[in-house]
Amino acid sequence: MKKPILLLCCVFALQTLNAQEQLMTNAFNREATLLNGYWKYIVDPYENGFYNYRYEPFENQENPGNGAFFTNAKRKDKADLVEYDFDKMDSLKVPGDWNSQKENLFYYEGSLWYKKSFDYSKRDPENRVFVYFGASNYETDVYLNGTKLGKHIGGFTPFQFEVTELLQEQENFIIVKVDNKRKKEGVPTLNTDWWNYGGITREVKLIETSKTYIADYQISLSKENKQLVNGSIELNGDNKSKKRIKISIPELNITKELKTDGEGKCVFEINVKSMTYWSPETPKLYKVVLSTVEDTITDQIGFRTIETKGADIVLNGASVFLKGISIHEESPINGGRSNSKEDARKLLEHAKSLGCNYIRLAHYPHNEYMVRLADEMGILVWEENPVYWTISWENEDTYLNAQNQILEVIQRDKNRASVIIWSMANETPTSDARNRFLRRLAAFTKAKDPSRLISAALEQQNFQEDPYTRTIHDDFAKVVDVLSFNQYIGWYDGGIEKCREIKWKITQNKPVLISEFGAGAKYGLHGEKDERWTEEYQEYLYEETLKMLDQIDQLRGLSPWILVDFKSPRRVLPEIQDNYNRKGLISEKGEKKKAFFVLKQYYDSKN
Ligand code: GCB
């Protein structure tokens with residue numbers, strides 16, 4: 001009796017691990033069948049479809065019976081007892097969060113089951129098929145035709161499962177349980193300042209590949225030699241060793257033949273006499289084609305270098321000032337979690353109209369359209385792991401979860417020229433346990449991607465008890481390449497006049513990037529410049545803050561808080577906040593506040 005159960009558990013564990021290890025590079029450009037659209041759903045706050053009445057998971061039972069939702073049970077005869085029926089339920093749109101689709105799910109945090117039926121004919125019977133999720137918040141269990149594919153934890157990164165063996169030509173049913181309950185040991189944890197949108201928030205697709213396919217690659221410009229493009233490629237499949245791979249960059253007249261080693265991997269270097277380097281001024285992307293006899297994948301890649309020298313951030317050998325803005329992943333078109341190319345374009349156009357050459361994607365990895373478009377539009381990007389505020393620093397599983405989330409976003413975005421900074425965390429309180437956690441995470445990130453910069457949004461402190469002299473006293477400051485910190489002088493920390501009194505004593509010889517400052521203002525509310533919530537207060541705070549920050553010798557950029565007002569359950573003040581954090585320079589309806597123009601003028605003056 002016991003044996004099959006154990007075996008089953010092992011298979012699940014293995015599949016979950018595999019799914020995370022083998023996340024394919026550039027799923028974005030793979031030919032795919034979208035499973036977007038309407039999915040049936042069951043709200044299941046007690047996880048009744050997952051556990052039996054003894055609170056044992058149905059999926060661990062040899063015979064899960066009619067109670068398990070993942071079996072999509074149907075009444076076999078009139079005596080049969082089945083207490084659910086997906087096909088009679090209402091539908092939710094995928095991709096999309098449930099909170100903004102159904103009024104009664106606005107505050108819902110819990111588990112919800114999705115079901116979609118589909119037919120599928122392979123292009124070639126030999127091919128493999130994967131189901132790929134752009135993201136789903138927060139814990140996701142996936143089943144196909146009654147069999148578990150695996151589980152994924154983390155709300156903002158992609159994951160995939162191979163379905164080759166389980167897929168039928170007709171009447172497949174995919175069932176997905178998504179649970180967005182906040183957890184103390186989660187990443188992020190219980191407390192954040194944004195809406196905990198639940199559901200399958202990004203696209204779901206079926207990706208068909210050849211039996212052995214190009215699963216992973218990284219291609220970039222060498223930091224040491226700007227005439228050298230180098231990288232690595234890895235195949236996945238039974239026939240991956242000693243295989244020929246061709247890499248070509250037609251516009252540069254480059255074609256190179258490579259051969260994989262016994263493990264299906266190869267590394268390469270290509271000399272390039274001249275090329276246009278990617279930068280905000282010239283966001284040149286080259287078509288890069290990788291092919292084997294069975295598989296071809298194309299990407300659009302920009303070539304640039306990024307490093308720091310003393311207090312400078314150096315792009316392609318020249319110092320750059322990061323004219324930025326922070327952005328949450330909220331749709332400027334319909335509200336709710338954004339997920340479309342149109343949402344991304346609108347947000348990035350707002351940033352461009354502010355004069356930005358840089359954005360901070362707070363506080364978690366955003367959808368892939370953002371970085372793909374940033375590549376095209378010439379906008380430098382900070383990507384952030386959702387290690388926010390008070391994480392369970394001592395918990396090993398919490399650490400592994402954070403590590404897996406950064407790994408998945410690196411795997412997705414490592415070929416994006418726009419992405420220059422991996423941020424480890426936001427406003428985390430210093431302690432030995434926190435320092436160990438972040439050091440380990442930073443070492444992991446550097447090992448996975450030595451080509452980019454590491455940072456974290458830190459906090460500033462009084463220098464030697466002097467309330468007007470500010471410094472950065474944080475052990476993790478030694479680790480970061482870019483010294484970033486948030487500060488709210490004039491909002492949470494005194495009145496605006498205080499900005500004039502502040503002196504900076506920053507001892508680290510590193511570029512300083514102010515990751516946040518800001519003030520709340522309700523669009524259309526006018527008054528004196530010392531009256532909170534008016535546009536004039538926010539405008540005045542921007543004027544004084546920019547003068548104050550210009551006193552920092554090592555200042556190399558900023559990303560004020562925030563581009564657009566965003567939903568947060570922490571913000572309950574009636575008639576002003578109404579569930580919105582009002583620090584946006586633009587209202588959720590797209591109206592520009594006065595401070596927008598102050599920042600724009602400042603950025604224009606930096607040209
Ligand atoms: C912060 C946080 C950010 C908040 C912001 C605020 O320091 O990093 O997530 O939304 O302040 O508005 O208080």
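Only the coordinates and a few stated rules stand behind these numbers; no lab work does. Predicted model, so just to flag it, every value in this text is computed and none were measured. Quick reminder, even Gly has a Cβ in these numbers, built from the backbone with ideal geometry, and neighbours come from all protein chains shown.
Could you list R30, R500 in order of exposure, starting from the residue whose Cβ has the fewest other Cβ atoms within 10 Å?
Working: R30 20, R500 11.
If I rank by nearby Cβ atoms, fewest first, I get R500, R30.
Each Lys and Arg Cβ is given +1 and each Asp and Glu Cβ -1; about its Cα centre, region 468-593 then shows a dipole of about 320 debye.
The gain in end-to-end length when the A433 to H526 segment is fully stretched comes to 28.9 nm, 0.36 nm per residue minus the alpha carbon separation. Counted over the chain, the DSSP beta bridges are approximately 70% antiparallel.
Mind jotting down the distance between the C-alpha centroids of region 29-104 and region 211-281, whole Å? Each part reduced to its Cα centre gives a spacing of 43 Å. Using a ≥ b ≥ c from the Cα gyration tensor of region 313-605 (square roots of the eigenvalues), is it rounded, prolate or oblate, where a/c under 1.5 gives rounded and otherwise the larger of a/b and b/c decides, a/b for prolate? It is rounded, given that a/c, with a ≥ b ≥ c, falls under 1.5.
When only DSSP loop residues count, what GluC sites (Glu not before Pro) in region 188-272 have their Cβ near at most 16 other Cβ atoms within 10 Å? Write down the numbers at each step before the final one.
On the way: sites: E203, E208, E224, E234, E251, E257, E263, E269; in loops: E203, E224, E263.
Here the GluC sites (Glu not before Pro) that fit, given the DSSP loop and packing criteria, are E224, E263.
With a Förster radius of 22 Å, plug the Cβ-Cβ distance of K503 and K547 into 1/(1 + (r/R0)^6) and report the FRET value to the nearest 0.05. Mind showing how you got there, number by number?
Numbers: r = 13 Å, r/R0 = 0.59.
Using R0 = 22 Å, I get an efficiency of 0.95.
Quick one: order L525, L235, L290, L573 by neighbouring beta-carbon count within 10 Å, fewest to most.
Working: L525 18, L235 24, L290 21, L573 13.
Ascending number of Cβ neighbours within 10 Å: L573, L525, L290, L235.
Going highest first, how would you order 274-285, 414-425 by mean Cβ packing within 10 Å? Don't jump to the answer; show the numbers that get you there.
On the way: 274-285: 15.8, 414-425: 24.2.
My ranking of the peptides, most packed first, is 414-425, 274-285.
For the chain, the percent of C-alpha pairs falling in each 10 Å distance bin, counted from 0 to the bin holding the largest distance, reads 3, 16, 26, 26, 17, 9, 3, 0.
Between L34 and D90, what FRET efficiency comes out of the Förster formula 1/(1 + (r/R0)^6) with R0 = 25 Å and r the beta carbon distance, rounded to 0.05?
Working: r = 21 Å, r/R0 = 0.85.
E between D90 and L34, to the nearest 0.05, is 0.70.
Kindly rank 130-143, 429-442 from highest to lowest mean number of other beta carbons found within 10 Å of each residue. Could you put the intermediate results ahead of the total?
On the way: 130-143: 24.2, 429-442: 17.2.
Averaged packing, sorted descending, gives the order 130-143, 429-442.
Using a cutoff of 8 angstrom between alpha carbon atoms and counting only pairs six or more residues apart, the relative contact order for region 313-605 works out to 17 percent. A simple spin-label model places the labels of T276 and D80 6.3 nm from each other, with each point 7 Å out along Cα-to-Cβ.
Ordering 300-313, 400-413, 40-53 by mean Cβ neighbour count within 10 Å, with the highest value first, yields 400-413, 300-313, 40-53. Rounded to 0.05, the FRET efficiency of the N63 and E376 pair, given R0 = 60 Å and the Cβ-Cβ distance, is 0.70. With 0.36 nm allotted per residue and the present C-alpha distance subtracted, the L190-R123 stretch has 19.6 nm of extension available. May I ask for the distance between the Cα centers of region 445-513 and region 112-152, given as a whole number of Å? Between the Cα centre of region 445-513 and that of region 112-152, the gap is 44 Å.
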